Amino acid sequence: MTAVRFDVVQPETVEEAVRSLADHKGEAAVVAGGTDLLREIRAGTRSPRLLVSLDRVESLSGIREEPDGGLVFGPATTMAEIAASDLVRRKLPALLEGASWMGSPQVRNLATFGGNLCNARPCADTAPPSFVYDAVLVLRSAGGDRTVEAGAFMTGPGETVRAPDELLETIRFPALPAHTGSAYVNVTNRKALEITITSAAARVTLKSRKGPIREARICLGSVAPVPIRASTAEAELTGKAPDAEVLAMAAKAAVADSRPIDDLRGSARYRQWMVEVLVRRALEKAFARARGDGS
Amino acid sequence: MKRIIELSVNGVPHEVAVEPHRTLVEVLREDLGLTGTKVGCGEGDCGACTVIVDGKAINACLMLVVQAQGREVTTIEGLADGEVLHPIQQAFVDRGAIQCGFCSPGMILSAKAYLDWNPNPTEEEVRDQIAGNLCRCTGYQKIVEAVLDASKRLQEAGRGVS
């Protein structure tokens, strides 16, 4: 297991971390929990000469509520910390649902939110929720920082707009409007130690507690090179009363928004079938929460 | 080039000179001679290497030893009190939850980390919490029964956190 060698630095501040990345541009990789990177290094698909470990940069962990009700996450916050957060459960339940599922209890104690987004797998469980919640990512480099919308962050499997000398510094979620409910559902081969085969995150805002839909957002995972919005389905929902027939129509429409491929975990046809099932379930849960009668 | 890492293992402080690419599981096994922690897949997919670090169960094959600097690590060797097995270990023995034994150290430590946090779990909670530990021998039933049994023994002994 020690066949592959690399050096490790452990900066204590974000400034030190971005300086290391700048000094070793192209040859350095960021490591937080290491649950993806160490596997890739051992498999030979990545071979950085230097790992910049974030384990000592305390400012990169934690979940903070802003005065306007939004939430800010340090990217080194682990999946387990998100899963245990009452703040996230109340405000961003779809994110909690995504984070609670992935990996295993042991993996969740190491794997980080930032790592899940930066590794940019199509199946990343925190990505569809981040998309529907309009999360904004702040990327920091020695030259300054810039913001990127979650929906624009991933560009392909394993690819993001993050440059090698940039560090993901914060993930910010705006406060949600009143009468908003959300949920994340997925289908997998096993309860743990497997990756999502198809997923759907849904966020709906009603005009009033019992009223029609003001706006709906649906993001699908594992059915395209990156998580994608089901815009046809979203359009079907705007202005309508959220009854079973409307949800079923939207779920059906979402299938056309998906572009799955056959792979070892499932065929394209199976995934399309699952898109319809999961979007309907995600919408049902989201509506129950928007009306205040779900958990 | 090697660097000095200090970590506490089973309550004993250690200082080891290690190269930075090495993982916690390698150093525990090869440098400290604590071979109770097993290497299965080396990728975080089987749980055989589970140890407890600062109270949390993790895959030791995925933690770089330099990331364990200053931390408290519990391995399977740290559970028994001399010749007296920890109640979780004893429950595994009594319930026939050990066949080849390869998954057992990791399985027991996952159970311990969870019972330290939730002393009175349901069967479903136990199954969820050991989902990161694969067993090829037992079919899990006796393991689940042993963990539930252990939770009762621990509560009776008044040792919620040990």
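The values are calculated or read from the model by the stated rules, or taken from the named source; none is laboratory data. The model shown is predicted, which means the values in this text are computed figures rather than measured ones. Cβ coordinates were reconstructed from backbone atoms using ideal geometry, including for glycine residues, and neighbour counts include every protein chain displayed. Please note that ligands, DNA and RNA were not included when accessible areas were found on the heavy atoms of the full protein model with its side chains. Shrake-Rupley method; radii C 1.70, N 1.55, O 1.52, S 1.80 Å.
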- Here the FRET efficiency for B:Thr122 versus B:Arg153, based on Cβ atoms and R0 = 22 Å and rounded to 0.05, is 0.85
- Query: Measuring with a 1.4 Å probe in the full set of protein chains, what accessible area per residue, in whole Å², belongs to the protein assembly as shown?
  - Reply: 43 Å²
- Task: Give the value in nm², to one decimal: projected area of the alpha carbon convex hull of the protein assembly as shown, averaged over all directions.
- Result: 22.3 nm²
- Per residue in the stretch A:183-202, which ones lose no less than 20 Å² of accessible surface when going from chain alone to all protein chains (1.4 Å probe)? A:Lys191, A:Ala192, A:Leu193
- By average Cβ neighbour count within 10 Å, what is the ranking of A:180-193, B:29-42 from highest down? A:180-193, B:29-42
- Which of the peptides A:55-61, A:30-36 is most tightly packed, and how do the rest follow, going by the mean number of other Cβ atoms within 10 Å of each residue? A:30-36, A:55-61
- Give, in nm to one decimal, the length gained when the segment between A:Ala175 and A:Leu264 is fully stretched (0.36 nm per residue of separation minus the Cα-Cα distance). 28.1 nm
- Per DSSP H run of n ≥ 4, the term is -39500 (n - 2.57); total these for chain A, divide by its residue number, and report the mean residue ellipticity at 222 nm rounded to 500 deg cm²/dmol. -9500 deg cm²/dmol
- Query: Local charge sum around A:Arg90 (other residues, Cβ-Cβ under 14 Å, Lys/Arg +1, Asp/Glu -1)?
  - Reply: 0
- Query: How large is ³J(HN,Hα) for each residue in the stretch B:66-72, as worked out from phi by the Karplus curve 6.51 cos²θ - 1.76 cosθ + 1.60 (θ = phi - 60°), to whole Hz, x for Gly and Pro?
  - Reply: 5, 7, 8, 3, x, 9, 9
- Query: What number, rounded to the nearest 500 deg cm²/dmol, is the helix-based mean residue ellipticity at 222 nm of chain B, given -39500 (n - 2.57) per DSSP H run of at least four residues and division by all its residues?
  - Reply: -8500 deg cm²/dmol
- Message: Can you tell me the orientation of helix A:14-23 relative to chain A, as the angle in degrees between its alpha-carbon axis and the longest Cα principal axis, to the nearest 10?
- Response: 60 degrees
- Note on the structure: Relative contact order as a percentage, chain A, C-alpha pairs under 8 Å and 6+ apart, gives 15 percent
- So, over other residues within a Cβ distance under 11 Å of B:Glu43, counting Lys, Arg +1 and Asp, Glu -1, the net charge is -1
- Task: Could you look at the stretch A:145-295 and say what percent of its accessible area is carbon and sulfur, using a 1.4 Å probe and all protein chains?
- Result: 51 percent
- Quick one: Cα convex hull volume of the stretch A:185-292, Å³ per residue? 86 Å³
- Query: For B:41-50, what's the mean count of beta carbons from other chains sitting within 10 Å of each residue's beta carbon?
  - Reply: 5
- Item | Interchain or long-range residues, amide H under 5 Å from B:His14's placed H | B:Leu7, B:Ser8, B:Val9
- Interface burial for A against B (accessible surface, 1.4 Å probe, total of both chains, Å², rounded to 100): 2600 Å²
- Could you work out the local net charge near B:Asp149, counting Lys and Arg as +1, Asp and Glu as -1, over the other residues with Cβ closer than 9 Å to its Cβ? +1
- Message: Counting only other chains, and only Cβ atoms inside 10 Å, what mean value do you get across the residues of A:110-119?
- Response: 1
